[in-house]
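The values are calculated or read from the model by the stated rules, or taken from the named source; none is laboratory data. Nothing here was measured: the structure is a model prediction, and the numbers come from that model. Note that each Cβ is placed from the backbone with ideal geometry, even for glycine, and that neighbours are counted across all protein chains shown.
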Amino acid sequence: MQVPAQVEYEKAASVEHALALLDRYGPAARVLAGGHSLIPMMKLRLAQPETLVDINGLTELAYLRAADGELRIGALTRHAELLGSAAAGAHFAILHDAERVIADPVVRNWGTIGGSLCQADPSEDLSAAFAALKATMVIRGPDGTRTVPAREFHTAPYETVVAPGELLTEIRIPIRPGGGSAYEKVGRRVGDWPVGAAGVAIWLAGDTITDAGIGLTAVGARHFAAAEAEDFLRGAAASEENFARAGEIAAEHCRPVSDQRGPAAYKRHLAAELTARALRRAAGRARGEVT
Ligand SMILES: Cc1cc2nc3c(=O)[nH]c(=O)nc-3n(C[C@H](O)[C@H](O)[C@H](O)COP(=O)(O)OP(=O)(O)OC[C@H]3O[C@@H](n4cnc5c(N)ncnc54)[C@H](O)[C@@H]3O)c2cc1C
């Protein structure tokens, strides 16, 4: 039986209280959100925090709001709430595409958006979606609030810019009219982590691409993004040929590794194919087609 080491437990009553607790217990304290990643890691002794600061009571961090040209997602929002949000789906179909294929209902019902991002697994789905959407992360700490672009949030596998003593509190996504978005994933089985996945947001003027965001996960993409493929698409025609070429460029700049989910060459192939598929579907949505 896997049993975590002895740990102290504190339940935060507000964001300020959580920050005070993190300050009091120092770097050996860890935030507990849904616990779907942290608790298994504690059972395996891969994480051995001395104190857990439980933020599940912080309803002030559980919200989805579309206002003032932004979708704002509180860090304690559950995956299931994001999947169930009509506002999120209406503005960003990519988020519903991604949430439909993240884990299973048990994980989605309690796992949080903030926990997923802070876990910073290199195969995490929403990191690619938020990279595509050029989201901004809001972080609160003892010295106040700071914002970080999604593409600067992860510093290494399982590492982020969120320092001990800080909390990720919100994700902000700019709402820009006229766009379309989509997420394409290949996993070994339903509810599994991706072997590879691509998310796309695209904006068109007639048949010309005015802007594009491409996120990739599980394939060793720098900052979960395909910046070179985005550069290629900006100003190009929204054509099958260009979508395929953008996929090739995205794949060329990945650094996938062979592991139990598949060989590196297959993951590189997925990066190309899934980018092209997501571009096709996102462009269809931008044109108002039902896809
Ligand atoms: C069976 C299973 C299948 C899964 N499949 C997928 C999948 O297909 N795709 C995918 O992307 N993910 C998948 N996951 C991951 C799942 O989405 C995450 O485990 C979960 O959502 C993490 O969120 P949590 O709220 O449980 O975080 P926790 O486990 O509570 O926390 C994770 C880490 O983040 C820190 N943390 C949490 N919230 C904050 C915060 N607000 N500020 C600062 N630090 C914070 C914690 O201290 C901890 O280090 C799967 C997980 C399981 C168990």
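Return yes or no: is residue 97 within 9 Å of the ligand (Cβ to nearest atom) and in contact (Cβ under 8 Å) with a residue 60 or more places away in the chain?
Working: within 9 Å of the ligand (Cβ to nearest atom): no; in contact (Cβ under 8 Å) with a residue 60 or more places away in the chain: yes.
No; evaluated as a whole, the condition is false for this residue.
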For this session: Would you confirm whether any residue within segment 232-253 is of a type outside the set (A, V, I, L, M), at pLDDT below 95, more than 16 Å from the ligand (Cβ to nearest atom) and not assigned by TED's automatic domain parsing to the domain that holds residue 132?
Result: no
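Can you give me the number of residues within segment 127-165 that are within 12 Å of the ligand (Cβ to nearest atom) and closer than 28 Å to residue 255 by Cα? Even if it seems obvious, please write down each step before you answer.
Filtering segment 127-165 for residues within 12 Å of the ligand (Cβ to nearest atom) gives 127-130, 137-141, 153, 158-165.
Checking which are closer than 28 Å to residue 255 by Cα leaves us with 127-130, 137, 153, 158-163.
Residues that pass the stated criteria total 12.
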Exercise. For segment 166-188, which residues satisfy the criterion of being more than 15 Å from residue 200 (Cα to Cα) and near the ligand (Cβ under 10 Å from one of its atoms)?
Worked result: 166, 167, 168, 169, 170, 187
Seminar exercise, completed: Considering segment 103-126, residues that are within 6 Å of the ligand (Cβ to nearest atom) and β-branched (Val, Ile, Thr), and then whichever is farthest from residue 154 (Cα to Cα), we arrive at 107
For this session: Can you give me the number of residues within segment 14-50 that are surrounded by fewer than 18 Cβ atoms within 10 Å (Cβ to Cβ) and not in a helix (DSSP H, G or I)?
Result: 8
Exercise. Got a number for residues in segment 185-227 being surrounded by fewer than 19 Cβ atoms within 10 Å (Cβ to Cβ), touching a residue at least 12 places away in the same chain (Cβ under 8 Å) and of a type in the set (D, E, K, R)?
Worked result: 4
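Per-residue answers, yes or no, for (1) more than 9 Å from the ligand (Cβ to nearest atom); (2) farther than 22 Å from residue 83 by Cβ:
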site: 13; (1), (2): yes, yes
site: 17; (1), (2): yes, yes
site: 31; (1), (2): no, yes
site: 36; (1), (2): no, no
site: 44; (1), (2): yes, yes
site: 57; (1), (2): yes, yes
site: 63; (1), (2): yes, no
site: 66; (1), (2): yes, no
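Report yes if some residue within segment 54-76 is of a type outside the set (A, V, I, L, M, F, W, C), touching a His at 6+ places or on another chain (Cβ under 9 Å) and touching a residue at least 40 places away in the same chain (Cβ under 8 Å); otherwise report no.
Within segment 54-76, the subset of a type outside the set (A, V, I, L, M, F, W, C) is 54, 56-57, 59-60, 63, 65, 68-70, 72, 74.
Next, from what is left, pick out any that are touching a His at 6+ places or on another chain (Cβ under 9 Å): none.
No, the conditions are met nowhere in segment 54-76.
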Exercise. For residue 136, which of the numbered conditions (1) in contact (Cβ under 8 Å) with a residue 40 or more places away in the chain; (2) farther than 27 Å from residue 273 by Cβ fails to hold?
Worked result: (1)
Exercise. Which pairs do you get when a residue that is part of a strand (DSSP E or B), found in segment 107-123, comes within reach of a residue that is within 6 Å of the ligand (Cβ to nearest atom) and at pLDDT 95 or above, reach meaning Cβ atoms under 7 angstrom, with the pair 6+ apart or on two chains?
Worked result: 112/33; 112/34; 112/75
Exercise. With respect to residue 88, is the statement that it is within 15 Å of the chain's Cα centre (by Cα) and in contact (Cβ under 8 Å) with a residue 40 or more places away in the chain true?
Worked result: no
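From the set of residues in segment 162-184 that are outside any strand (DSSP E or B) and buried (at least 16 other Cβ atoms within 10 Å of the Cβ), which is farthest from the chain's Cα centre (by Cα)? Don't jump to the end; show me each part of the working.
Taking segment 162-184 first, the residues outside any strand (DSSP E or B) are 162-166, 175-178.
Checking the rest, the ones that are also buried (at least 16 other Cβ atoms within 10 Å of the Cβ) come to 162, 165-166, 175.
Details: 162: 15, 165: 22, 166: 19, 175: 17 Å.
Within segment 162-184, the match that is farthest from the chain's Cα centre (by Cα) is 165.
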Exercise. Say we look at segment 249-268 and pick out the residues that are in contact (Cβ under 8 Å) with a residue 40 or more places away in the chain and more than 17 Å from residue 233 (Cα to Cα); which of these is surrounded by the fewest Cβ atoms within 10 Å (Cβ to Cβ)?
Worked result: 266
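Per-residue answers, yes or no, for (1) part of a strand (DSSP E or B); (2) closer than 26 Å to residue 121 by Cα; (3) in contact with a His (Cβ under 9 Å, 6 or more places away or on another chain); (4) among the aromatic types (Phe, Trp, Tyr):
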position	(1), (2), (3), (4)
244	no, no, no, no
248	no, yes, no, no
251	no, yes, yes, no
257	no, yes, no, no
270	no, yes, no, no
283	no, no, no, no
